[in-house]
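Okay, so here's the structure we're looking at.
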Amino acid sequence: MAETIDIIKDENIVYQKSKVLTDNVMHYCPGCSHGVVHKLIAEVIEEMGIQENVIGVSPVGCSVFAYNYLDIDWQEAAHGRAPALATATKRLMPDKYVFTYQGDGDLASIGAAEILHACNRGENITVIFINNAIYGMTGGQMAPTTLVGMKTATSPYGRDIDLHGYPLKMTEIVAQLPGTCYVTRQSVHTAATVRKCKKAIRKAFENQEKKIGTSFIEVTSTCNSGWKIPPVEANKWMVDHMFKFFEQGDLKDAERDNPDDYKKYIE
Amino acid sequence: MAKIKGSIVVDKEKCKGCGLCVVACPQDVIALAKEVNSKGYNFAYMVKPDACIGCANCAEVCPDSIITVYRTKI
Ligand SMILES: Cc1ncc(C[n+]2csc(CCOP(=O)(O)OP(=O)(O)O)c2C)c(N)n1
Ligand code: SF4
Ligand SMILES: [Mg+2]
């Protein structure tokens, strides 16, 4: 025990809270994936030394208050409109790193048009997409991403295809668009996946320097409150069910399509 | 042979007792306390401090970024 106390000195610190995170206590529920992803974005910003040069666009959803936690410049978008705001911001200030942070209700439902067109235009922005398969903030209603059979406040008998349609794989869709350069699906439920996800976020920010198109990172996430499953079991539920439908890994790692390939049709 | 020795400090007032650190630890160092903090959460603490290797797994999965990790060779 004496040894344990001895080593608690500044020179022995191997991991501490990023300086880009504020000291505010996050309002998220215990164990919520949002907090982990906030931390990773903060760490990437700190390591790249771009705190003064990054602009986040926060969504409507549980992460609406992201601006309370990351000490950077932010804009707050109307529901689903973050990619439109990020487009304008990046075009006006091309030297800034611009990212959107959006939930699945925000990105895949009300904001489906904005994200598709931003990705199709190949805007040089980074999109962080937190897919917890539910509307967390409003009380756990069904989202476009809710799995078939999954119970939510508005699908109490489970999602039924005849009634509610199929779950939407936004990440697969944007991977097909010519404007995207990097499309990947990650998670943050173990230390190993946290490290991998951080690398993906870093790459997505660095892609903005190369001006090669839109980088899109889905983080398959949990919503303990909405799912009504405690945090540790929720992670397990995510692995057992979500991962089968939302397959993990890179879907695209390239550059946006060459414009010349599109000009030939009218030549 | 030099031995790696680690330790963590949990900001117990900010801990929400989610328990993700407990399962992330490869050494079973962490448990949730029977007592609660002022918000009523059973906060994380080192139940087996001597087993800590300072790998930082717990801190990396912590959604609230409230774990600081220390490591040294002894
Ligand atoms: C124009 C408009 N429509 C609906 C709402 C209600 N609303 C608030 S958050 C939300 C969905 C949030 O779900 P998601 O984007 O998945 O975020 P999460 O909370 O799960 O992280 C909805 C429908 C709103 N605020 N504005
Ligand atoms: S309701 Fe869900 S998404 Fe929102 S903070 Fe709680 S766990 Fe996270
Ligand atoms: Mg959601």
- Note on the structure: Treating every alpha carbon of chain B as one equal point scatterer without solvent, the Debye formula yields log10 I(q)/I(0) values at q = 0.18, 0.24, 0.28 Å⁻¹ of -0.62, -1.03, -1.34
- So, over other residues within a Cβ distance under 13 Å of A:Arg256, counting Lys, Arg +1 and Asp, Glu -1, the net charge is -2
- Query: Percent of alpha carbon pairs in region A:27-266 separated by more than 27 Å?
  - Reply: 29
- Query: Near A:Lys151, which lysines are there with a Cα under 20 Å away, not counting those fewer than 8 places off in the same chain?
  - Reply: A:Lys169, A:Lys228, A:Lys236, A:Lys244
- Query: GNM, chain A, Cα, under 10 Å: largest mean-square fluctuation among A:Thr222, A:Thr152, A:Thr138?
  - Reply: A:Thr138
- Query: Quick one: if the Förster radius is 41 Å, what FRET efficiency do A:Asp261 and A:Lys199 give, using the C-beta to C-beta distance and rounding to 0.05?
  - Reply: 0.85
- Query: So what's the back-of-envelope 222 nm ellipticity for the protein assembly as shown, counting only DSSP H runs of four-plus at -39500 (n - 2.57) apiece and dividing by all residues, rounded to 500?
  - Reply: -7500 deg cm²/dmol
- Query: For the charge dipole of the protein assembly as shown, defined by +1 on Lys and Arg C-beta atoms and -1 on Asp and Glu C-beta atoms about the Cα centroid, which residue among A:Tyr97, A:Met137, A:Gln51 has the Cα displaced farthest towards the positive pole?
  - Reply: A:Met137
- Item | Normalised contact order of chain B, rounded percent, pairs of Cα under 8 Å and 6 or more residues apart | 45
- Neighbour-count ranking [beta-carbon atoms within 10 angstrom, fewest first] of A:Thr146, A:Thr190, A:Thr100: A:Thr190, A:Thr146, A:Thr100
- GNM result for chain A, Cα springs below 10 Å: residue of A:Ala200, A:Ala133, A:Ala113 fluctuating most strongly: A:Ala113
- Query: Of the GluC sites (Glu not before Pro) in region A:172-212, which ones lie in a loop per DSSP and count no more than 12 other C-beta atoms within 10 Å?
  - Reply: none
- What is the local net charge at B:Ile53, summed over the other residues whose Cβ is closer than 12 Å to its Cβ (Lys, Arg +1; Asp, Glu -1)? +3
- How far is it, in nm, from the label point at B:Val36 to the one at A:Ala78 when both lie 7 Å from their Cα along the line to the Cβ? 4.2
- Query: All other residues with a Cβ under 14 Å from the Cβ of A:Asp240 taken together, and with Lys, Arg as +1 and Asp, Glu as -1, what is their net charge?
  - Reply: 0
- Under unit Cβ charges (Lys, Arg +1; Asp, Glu -1), what dipole magnitude, rounded to 20 debye, does the protein assembly as shown have relative to its Cα centre? 440
- Message: At a 10 Å Cβ-Cβ cut-off, how would you order A:Asp106, A:Asp253, A:Asp95, fewest neighbours first?
- Response: A:Asp95, A:Asp253, A:Asp106
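Read-outs: derived from the displayed coordinates by stated rules, not from any lab. Computed from a predicted model, the values in this text were never measured in an experiment. Neighbour counts run over all protein chains shown; Cβ positions are idealised from the backbone, glycine included.
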